[in-house]
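Taken together, the values in this text are just the output of simple stated rules run on the coordinates, not laboratory data. Source: prediction; values computed, not measured. Don't worry about glycine lacking a Cβ; one is built from the backbone with ideal geometry, like all the others, and counts go over all protein chains shown.
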């Protein structure tokens with residue numbers, strides 16, 4: 001044997017030398033060695049992005065991270081060649097390129113070339129792995145590896161595209177939150193009611209004079225009928241219930257239906273070409289939504305009302321803005337120009353509790369539709385003119401492009417002599433963002449053209465020309481032509497702000513001889529000049545040094561007639577914190593004298609008591625007018641008394657008004673000194689969903705501790721009813737309610753949705769019931785055969801249908817827990833893929849648990865998994 005050993009040893013040594021010569025020296029890019037390297041999955045975490053699992057190689061105490069996996073986590077462009085010998089891409093942009101080459105064992109990035117060795121870069125058939133502490137030197141990414149739980153903490157000062165995109169998305173979310181365009185987790189559907197009456201407004205006013213007494217009583221009821229808004233208003237004046245003064249409306253809205261979105265029955269508003277001077281009772285169908293579309297500009301709306309009144313602007317039933325009329329009653333709004341027909345409603349609130357609503361249909365320049373969209377409106381009814389005149393109108397609008405919209409239709413009114421329909425067509429063209437042109441033609445009635453132009457410095461020019469057919473009978477006045485030009489300019493400075501408007505309006509009428517009620521023809525050979533009336537108004541309103549000032553000049557010109565012109569100056573001074581002084585003076589240029597002077601003093605005596613004293617001098621009538629008004633605001637109503645003395649005449653008025661709103665679900669009656677009919681409210685409550693069906697059933701209690709946020713209205717929590725009531729919402733508008741469960745007394749009570757979308761409906765407290773699920777918890781330990789806790793081990797939880805419900809990782813000591821299981825049977829097991837990579841097996845392989853139904857939540861704890869190496873569980877014989 002010894003002889004044989006001496007003979008074989010030289011041969012073996014020779015074979016080893018030859019093999020070493022053939023193999024050569026090891027390459028610069030080291031291949032993975034099964035003896036020293038272990039490929040597994042580690043968890044990488046970044047504060048801004050969260051966590052993810054990527055491939056890694058463990059060599060001794062160092063970790064090498066997969067370049068492709070980490071770049072995918074950071075959303076960095078990376079392309080590997082088909083031969084897996086190069087990896088290229090860019091980080092922050094196309095100019096920020098990098099290249100990793102296997103042949104040269106180099107990384108080129110940021111105009112630098114890094115030469116790597118076997119200790120920094122590992123090449124495998126599946127890609128490149130870079131040592132954790134080399135990422136900072138090459139790419140500026142700090143990677144800190146914790147071996148005990150296989151976790152890599154990633155930090156960087158670089159503005160990576162994924163972080164930049166997240167910041168931009170946060171800004172977009174904030175903008176959407178301010179605009180009310182957030183996306184909801186779930187939507188509360190509308191539930192139609194057959195019939196209900198939930199709101200009422202009432203007012204009483206009586207006036208006593210020397211020769212006559214007047215009493216006005218008004219009652220408005222609001223509710224729902226067959227799923228639609230129902231409003232009824234009864235007006236009683238001195239024992240008379242005139243049908244024309246009564247109001248009834250049934251309004252059905254479904255903005256999600258593309259063919260029919262609105263149906264209105266009762267007193268309706270029509271954009272009539274003919275003169276409809278009396279209320280119209282009928283029905284209207286349209287597919288126009290109540291929701292406002294995207295605005296692409298603004299249009300200046302100005303008007304006059306009672307001085308000091310507050311004015312609210314509604315577009316398609318949605319509150320857009322509000323202003324307070326100045327000392328002369330002038331107010332101005334920037335109305336958004338939106339796609340689709342625009343219904344502009346003005347609601348006026350007087351200082352003594354008066355409420356007045358005025359609705360206007362504005363055709364120009366608001367009739368725009370998005371390209372390819374069509375809207376129609378069909379109206380039919382009877383005019384309450386004592387003759388039961390029949391009226392019908394149908395119109396269709398179509399958006400050719402986003403800048404051009406055309407429309408056509410026909411109108412019929414039986415009271416027009418001849419009884420022929422009136423076909424019409426109109427178009428609107430947005431030439432630029434600041435220049436709009438529109439035109440309208442009604443056959444044998446009129447032609448109309450309008451221009452709106454916004455110049456630099458916010459100077460706005462509005463021009464309109466209208467021509468009527470001489471033999472038309474549809475419009476109840478004898479205009480032949482009308483020309484109108486308006487110039488509007490706002491001026492804003494640090495110490496003052498002004499708004500100036502100059503309007504010139506010229507009307508051409510037939511001669512006086514042709515206006516006489518006779519059918520005798522005027523000889524054509526005698527020229528008769530046309531009559532032209534020209535009016536000019538210059539309004540300047542603003543605040544100078546804290547004083548609200550309005551200066552208005554009006555002129556009326558007509559040939560062969562004296563000039564009529566006057567100027568009115570009105571101001572409002574804040575004398576004390578709760579007192580206002582409002583002088584007004586008028587001067588007539590044609591009579592060369594002051595014609596009127598007025599001084600008003602208004603003061604808030606107490607929190608709910610107001611008094612106003614006015615003294616007026618009429619220089620033309622040579623008399624004084626003195627007025628005194630007192631008002632007191634109760635919680636349920638406003639009451640006022642006023643008296644006026646004019647020479648030897650006097651009058652005394654007493655008024656009161658308020659409203660009621662009833663919530664049937666919670667048996668709650670609300671009283672208010674403001675109007676409630678047509679308003680929308682919500683009730684929000686959380687309940688314990690014991691059976692998990694998402695609906696509130698009998699025996700499921702309400703929960704306290706929920707906090708909410710909503711993009712509108714006013715939220716009030718009722719501790720007695722354990723719910724929130726949200727007031728002052730606009731009907732048919734979509735709101736987003738964000739809920740927070742941190743105030744719940746049990747951590748087992750959890751919310752499935754935290755962002756809830758709801759559409760507010762008028763004349764009701766719409767219920768929003770938020771189900772709170774009762775969640776069960778499972779917990780346990782994962783240990784090795786040495787009874788040591790194993791960290792970062794994935795535990796899968798499956799339901800009875802073998803669907804993964806949740807997946808959790810064990811903590812550093814091997815502990816795991818999961819809260820959020822609904823009642824039922826579940827199976828827990830360790831992740832088989834991870835066990836396979838670790839070459840280990842679990843005992844037991846799976847555990848079955850049962851979560852029981854319990855108001856406080858069920859807890860299953862004490863679970864134990866033991867993992868052991870596969871070789872130890874299968875010893876060789």
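All Cα-Cα separations within segment 672-766 were binned at 10 Å from zero, giving a P(r) of 15, 44, 32, 8, 1, each value a whole percent of the pairs. With contacts taken as Cα pairs under 8 Å and at least 6 residues apart, the chain reaches a relative contact order of 7 percent. Using only alpha carbons, segment 776-873 has a radius of gyration to Kirkwood radius ratio (Rg to Rh) of 0.98. Residue ranges 763-769, 438-444 sort as 763-769, 438-444 when ordered by packing (mean number of other C-beta atoms within 10 Å per residue, highest first). Separation of segment 803-877 from segment 388-405 is 67 Å, based on Cα centroids. Relative to the longest principal axis of the Cα atoms of the chain, helix 2-23 runs at roughly 30 degrees.
Across all C-alpha atoms in segment 717-785, the radius of gyration and Dmax reach 18.2, 69 Å. For the listed peptides 157-166, 53-62, a ranking on the average number of other beta carbons within 10 Å per residue, highest first, reads 53-62, 157-166. Which of these values of Rg and Dmax of the Cα atoms in Å was calculated from the structure shown: [x] 34.3, 112; [y] 28.7, 91; [z] 40.3, 154? Here Rg and Dmax of the Cα atoms in Å agrees with entry [z].
Annotation for segment 55-77 versus segment 710-754: alpha-carbon center distance of 45 Å. Ranked for footprinting exposure by Cβ neighbours inside 10 Å, fewest first, 376, 589, 129, 735 give 589, 376, 735, 129.
Maximal additional length on extending the residue 646-residue 619 stretch stands at 8.4 nm, based on 0.36 nm per residue less the C-alpha distance. If I model segment 407-467 as equal point scatterers sitting on the Cα atoms and use the Debye formula, what is log10 I(q)/I(0) at q = 0.26, 0.30 Å⁻¹? So the normalised log intensities work out to -1.04, -1.18.
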